[in-house]
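The values are calculated or read from the model by the stated rules, or taken from the named source; none is laboratory data. Note that the structure is predicted; figures quoted are calculated from it, not measured. FYI the Cβ positions are ideal-geometry reconstructions off the backbone, even for glycines, and counts take in every protein chain you see.
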Amino acid sequence: MKISQMKITNFRCFKEEITIDFKGLTAFVGKNDVGKSTVLEALDVFFNENKGVIKLDKDDINKQGFAEGNNNIRIAVIFKDLPTQLVLDSTTETTFKDEYLLNRDGKLEIVTIYPNANSGKEKKVFIKAYHPSNPNCSNLLLKKHNDLQKIIEQNNIDCVDKRKNSTMRKAIWQHYSDDLQLQELEIDVAKEDAKKHLGTA
């Protein structure tokens, strides 16, 4: 995977969301105190989970944003050139596309939110995705194995393999393919719950 873009909101000098595009070779050029180092330090916070060189504290929250009641630092990184398959465990293969985990541009967008500049339990991690919102087939990534089986059986949905969550989700989404009602949603994939949200075989 390669970084395509980065978005920063309410972090130091960046109150409103700013988007930075990354190419094959990216250089930051500008006057002092315009935010060049802030971009690199935001990348450090994102990839090293605040355990790298930079440690967030409340002084990192944009002062004007904080005064207006916004205490959330938001850092998002968008990836391109994704792997062709996503392995959920040793036996289940799927794709980001099949799981509706890509944004409108077909890229993987991972968002981290640090309330009060806190990277501990309060930190939130989302995938911003163009995802089904039809109540009949939404939130499938949050469903347990038995719940997916019930949906399959109660709606007489054809499914080639009811042992695998990814296969059942795909069958359900296919069943409602004419009315998925795709919307840009933020899907919670916090580290401790990631396996639950993505499902298992």
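Quick notes
To keep it simple, each residue is scored yes or no on (1) surrounded by fewer than 17 Cβ atoms within 10 Å (Cβ to Cβ); (2) not acidic (Asp, Glu).
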residue: LYS51; (1), (2): yes, yes
residue: LEU56; (1), (2): no, yes
residue: ASP60; (1), (2): no, no
residue: THR92; (1), (2): no, yes
residue: PHE96; (1), (2): no, yes
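- SER177, sole failed condition from (1) modelled with pLDDT of 90 or more; (2) surrounded by 14 or more Cβ atoms within 10 Å (Cβ to Cβ); (3) not charged (D, E, K, R): (2)
- Residues that are of a type in the set (D, E, K, R) and not assigned by TED's automatic domain parsing to the domain that holds LYS55 were ranked within the stretch 112-160; the one that is surrounded by the fewest Cβ atoms within 10 Å (Cβ to Cβ) is ASP158.
- The stretch 69-90, residues that are loosely packed, with under 11 Cβ neighbours inside 10 Å and within 22 Å of LYS124 (Cβ to Cβ): GLY69
- Positions within the stretch 1-37 being of a type in the set (S, T, N, Q), without any contact (Cβ under 8 Å) to a residue 60 or more places away in the chain and under 12 Å from ILE75 (Cα atoms), in sequence order: THR19
- Counted residues, the stretch 1-36 - those being within 30 Å of THR95 (Cβ to Cβ), in a loop (DSSP other than H, G, I, E, B) and of a type in the set (Gly, Ala, Ser): 1
- Taking every residue in the stretch 115-135 that is farther than 25 Å from GLN183 by Cβ and pairing it with any residue that is among the acidic types (Asp, Glu) and buried (at least 18 other Cβ atoms within 10 Å of the Cβ), at least 6 positions away or on another chain, the pairs with Cβ-Cβ distances below 6 Å are ALA117/ASP60.
- Residues being over 30 Å from ILE61 (Cα atoms) and in contact (Cβ under 8 Å) with a residue 60 or more places away in the chain - total across the stretch 94-114: 4
- If you filter the stretch 38-85 down to residues that are closer than 30 Å to LYS162 by Cβ and touching a residue at least 40 places away in the same chain (Cβ under 8 Å), you find that the one that is farthest from the chain's Cα centre (by Cα) is PRO83.
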